[in-house]
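**Student:** Before I ask anything, let me first share the structure, which is written out below as C-alpha cells.
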Amino acid sequence: MEANLSNPHDLHTPLLNHPPRLNKNSHKPSKVILVILCSMVFLMSLFALIMIKSQNHLEKLEIGNTETTPFDPYISPARGVTQGVSPKSNPNLFHKVSYNWTNAMFSWQRTAFHFQPQKNWMNGPLFHMGWYHLFYQYNPDSAVWGNITWGHAVSTDMIHWLYLPIAMVPNDWYDINGVWTGSATILPGGKIIMLYTGDTNSYVQVQNLAYPANLSDPLLLHWVKYPGNPILLPPPGIGSKDFRDPTTGWIGPDGKWRIAIGSKKGKTGLSLVYKTIDFINFEPNDHYLHAVPGTGMWECVDFYPVSINGSNGLNTSVNGPYVKHVLKASLDDRRVDSYAIGTYFVENDTWVPDDPLKDVGIGLLLDYGIYYASKTFYDEEKERRIVWGWVDETDIESDDLKKGWASLQTIPRTVLFDNKTGTNLLLWPVEEVESLRLSSDEFEGMVVKPGSVVPLNISLATQLDIFAEFEIEWLNSRSNGKNNIGCGRGGATDRSAFGPFGLLAIADDSLSEQTPIYFRLSNTTTFFCVDETRSSKASDVAKSIYGSEISILSDEKLSMRILVDHSIIESFAQGGRSVITSRVYPTEAIYGAARLFVFNNATDINIKISLKIWQLNSAFIRPFPFDQSH
C-alpha cells in the first residue's frame, strides 16, 4: 500500500527521550516546571548512560573504542569455563533477580521459524539422500549447558525440521565429559566420516572418529564410534584444554586430506593442520595454518574457499587462481566469530590474510551481534556454501530453567565473496525462508522528517521479513556530520546531523519498549547498528548496542533486510555486507501489542524510505513421524 502523507505531521510522533513540540494553543509552562522537566531529562539520560556503561558487550559500540568488564572475584566463573570451553552463561547477570515473567511472556519468546530443540539446551551439517542433516550440541537433561550429547534433526529445505533420536552420547572414556563440536567430511563415493572433540574422563580434549552404521539409511539414525578412538591427542606444547573442534577435511594435490583444529599458545590464537589418507592415522604439519598474537583461544575454526568472480559456493577442496580462502575462528575471549580473507598456500599448508590489519581476531566479524560457533558446509544440490550460527540466550539461567529451553540456530545463510568491495563476505538468508511468506504490505516514498517516528499500519509485527531502502535529502551542509562516528553512546537516542534513522522493531504503542535497527552517517563513514537498551523493561536481561562500519558504494542506496521472529531479530545491511543478530525479551511489546515504526532521529536530513513487509508463517518443526514411511 502507499502511505498517505498528505498531512504527514498527523503521523509523526516524537522519538522516545525527546520532548514533544507544544501546541501553539497550549498554556506556556512555568519556569519551575521547565526546570523540573530539564532535570528529569538530564537524570534519565545520566541513568541510561550509566546502565549502558555497565553492560558487558559494549566493545562493539564504536570502532577502536573497546570496553571490558573488570574481573570480580566474587562472581562464579561462567558455565563451561572450568571444563575448558567458552562461557555458556553470563556471570555478570548472576546477581540479577528474575523479572516477574508470566508463562505468556515466556511462551511468546519461543521462536516460530528458527530451529531449536523441543526443550533444554542446544555441529556438523551435511546433505545426504534428499535430507539436510543438522547435528547440534544438546543437553537432554536441562536447559543449561552440560551433559553434551549430539542432537539430530533433518529437513528437506532447512526451514521445516523433524527431530530424530540423539545421534551420539558421552558414554566412553574419551568423550565421557562431552561429545563436543565436530565436522562431517564426505569422501569420494559418498562415504561419510565425522570427526568430533571428546572431553575425556581426565578432562583432556581429544579428537575422535565416528561414521554412519548404515550409509543407505537416508536418516542416518545410527552412528558408530571408531573402536580405536581417540585418533588425535594434544601435541607437545599445546594445553590439554586447548585442542578442539576439527574442521571438514579438504584434499590436496598429493592426494592427502587435511583438517584444521583450533588452539592457542599463551595468548596467541592458532590453527593446527594435520594430514591423513584414512582419517585414522594423522601427521602434523610443520607449520601452523595461521596464528595471530593476542587473540586468545581459537575454537570452531572454519576454513573454506570462495570464488572471487562467481555467484556459487565451492567445494571445500577447490583451489585455483580465482579463489580466495576464508579463515574463521570463534574467539573464546571475546565470544565473537571473526574471519579474514586471504591466500592458501597448499605447498606448505599455510594461509596469509590479504590485509594484515584485518586479520583473524582483529578485523571483520561474521555477525556483530549475539552469534557464535558458526559452521559452514557445501550444499552440492544447489552449489552454495551455507553457514549456521548458534545464538545464546541473554537472560539469566533461572529464567531459562523456568521456560524449559535455551538457545537456537540462526536462519541458514549463504556465503559469497563480495566482488564489489573485494574485502568482505556477503551473508544472506537462504532463499527457502521465502516459502514462509504470507501477505505483504508496501510503503513507497515515505518522507520522514528530523526527530520523527512514523507508525506502520501492518496487522502483526512478531514474524516479519522486511526490506527497506533509504534515500537522503540533505537540509544543511554535509560538513556537520564529519565527527559522527559509531553507533552513538546513547544508541538510537544520540542525535547527530545525519543519523540515526531506520526502523523500530518489537515496539509497543508508547515506545516504552523498542529495538531500533538503524544507519548512522558522517561525511566519510556509515555505521549499521542495533540498539537493545530499550528492548525490555526487565532488568535481568543483557541489553547492548551492536554495530559496525559498513562500505556504501557510489551506485548503492542504503538498504536493510530484517527477519523478526519473536525474541530474535536478524538484521542484514547492504545485501549482507554487515549482519547483526539480536535477542530481545519485551514485557509489553508482545503478541498483538507489538508494533513496527520508521524513525528519523537525525537533525539535518529528511529520509525517504520504501518498504516491503511480509508476514511470515510458522515453520513446521516436530518429531519425525516414524509411524509413517520415510
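**Student:** As an exercise: evaluate Trp614 against (1) open to solvent by 10 Å² or more (accessible area, probe 1.4 Å); (2) not in a strand (DSSP E or B) and give the number of the one condition it does not meet.
**Tutor:** Looking at each condition in turn, Trp614 falls short on (2).
**Student:** Could you check the stretch 341-360 and list, in sequence order, the residues that are farther than 19 Å from Asn419 by Cβ and in contact with a Gly (Cβ under 6 Å, 6 or more places away or on another chain)?
**Tutor:** Once the filter is applied, which keeps residues that are farther than 19 Å from Asn419 by Cβ and in contact with a Gly (Cβ under 6 Å, 6 or more places away or on another chain), the stretch 341-360 yields Val346, Trp351, Val352.
**Student:** Right, Trp161: within 31 Å of the chain's Cα centre (by Cα), open to solvent by 10 Å² or more (accessible area, probe 1.4 Å), of a type in the set (A, V, I, L, M, F, W, C) and within 26 Å of Leu408 (Cα to Cα) or not?
**Tutor:** no
**Student:** May I ask you to list the residues in the stretch 84-108 that are farther than 15 Å from Ala542 by Cα and modelled with pLDDT of 60 or more?
**Tutor:** Result: Asn100, Trp101, Thr102, Asn103, Ala104, Met105, Phe106, Ser107, Trp108.
**Student:** Okay, next question. Could you list, in sequence order, the residues of the stretch 528-568 that are among the hydrophobic types (A, V, I, L, M, F, W, C) and part of a strand (DSSP E or B)?
**Tutor:** Across the stretch 528-568, the qualifying residues are Phe528, Cys529, Val530, Ile545, Leu558, Met560, Ile562, Leu563, Val564, Ile568.
**Student:** Follow-up question, since we're still on this one. For the list (1) among the charged types (D, E, K, R); (2) in a loop (DSSP other than H, G, I, E, B); (3) within 22 Å of the chain's Cα centre (by Cα), I need the number of the one condition that Asp627 fails.
**Tutor:** Unmet condition: (3).
**Student:** Quick check on the stretch 381-396. Is at least one of its residues within 16 Å of Ser548 (Cβ to Cβ) and either of a type in the set (S, T, N, Q) or open to solvent by 10 Å² or more (accessible area, probe 1.4 Å) (or both)?
**Tutor:** no
**Student:** Just to check your reading of the model, which residue among Ala589, Ala619 is under 22 Å from Ile517 (Cβ atoms), assigned to a loop (DSSP other than H, G, I, E, B) and either modelled with pLDDT of 95 or more or in contact with a Cys (Cβ under 8 Å, 6 or more places away or on another chain) (or both)?
**Tutor:** Being under 22 Å from Ile517 (Cβ atoms), assigned to a loop (DSSP other than H, G, I, E, B) and either modelled with pLDDT of 95 or more or in contact with a Cys (Cβ under 8 Å, 6 or more places away or on another chain) (or both) holds for just one of Ala589, Ala619, which is Ala589.
**Student:** Taking the stated definitions as given, is Thr525 of a type in the set (Val, Ile, Thr) and surrounded by fewer than 23 Cβ atoms within 10 Å (Cβ to Cβ)?
**Tutor:** It is true that Thr525 is of a type in the set (Val, Ile, Thr) and surrounded by fewer than 23 Cβ atoms within 10 Å (Cβ to Cβ).
**Student:** Has the stretch 302-315 got at least one residue that is crowded, with 23+ Cβ neighbours inside 10 Å, in a strand (DSSP E or B), at negative phi and touching a Cys at 6+ places or on another chain (Cβ under 9 Å)?
**Tutor:** no
**Student:** Scan the stretch 551-594 residue by residue and report those that are open to solvent by less than 10 Å² (accessible area, probe 1.4 Å) and aliphatic (A, V, I, L, M).
**Tutor:** Across the stretch 551-594, the qualifying residues are Met560, Ile562, Leu563, Val564, Ile568, Ile569, Ala573, Val579, Ile580, Val584, Ala589, Ala594.
**Student:** Could you tell me which of the residues Thr247, Thr181 is over 16 Å from Phe282 (Cβ atoms), in contact with an Asp or Glu (Cβ under 8 Å, 6 or more places away or on another chain), of a type in the set (S, T, N, Q) and crowded, with 19+ Cβ neighbours inside 10 Å?
**Tutor:** The conditions single out Thr181.
**Student:** Among the residues of the stretch 276-301 satisfying the criterion of being in contact with a strand residue (DSSP E or B) (Cβ under 7 Å, 6 or more places away or on another chain) and among the charged types (D, E, K, R), which is surrounded by the most Cβ atoms within 10 Å (Cβ to Cβ)?
**Tutor:** Looking at the filtered set, the residue picked out is Glu299.
**Student:** Looking at the stretch 135-147, which of the residues that are assigned to a loop (DSSP other than H, G, I, E, B) and either under 13 Å from Gly178 (Cα atoms) or among the basic types (Lys, Arg) (or both) is modelled with the highest pLDDT?
**Tutor:** So, considering only residues that are assigned to a loop (DSSP other than H, G, I, E, B) and either under 13 Å from Gly178 (Cα atoms) or among the basic types (Lys, Arg) (or both), the one modelled with the highest pLDDT is Pro140.
The values are calculated or read from the model by the stated rules, or taken from the named source; none is laboratory data. On a predicted model such as this, the values are computed, not experimentally measured, just so you know. Cβ: placed from backbone, ideal geometry, glycine included. Neighbour counts: every protein chain shown. Protein only, heavy atoms only, side chains kept; ligands, DNA and RNA dropped before computing areas. Shrake-Rupley method; radii C 1.70, N 1.55, O 1.52, S 1.80 Å.
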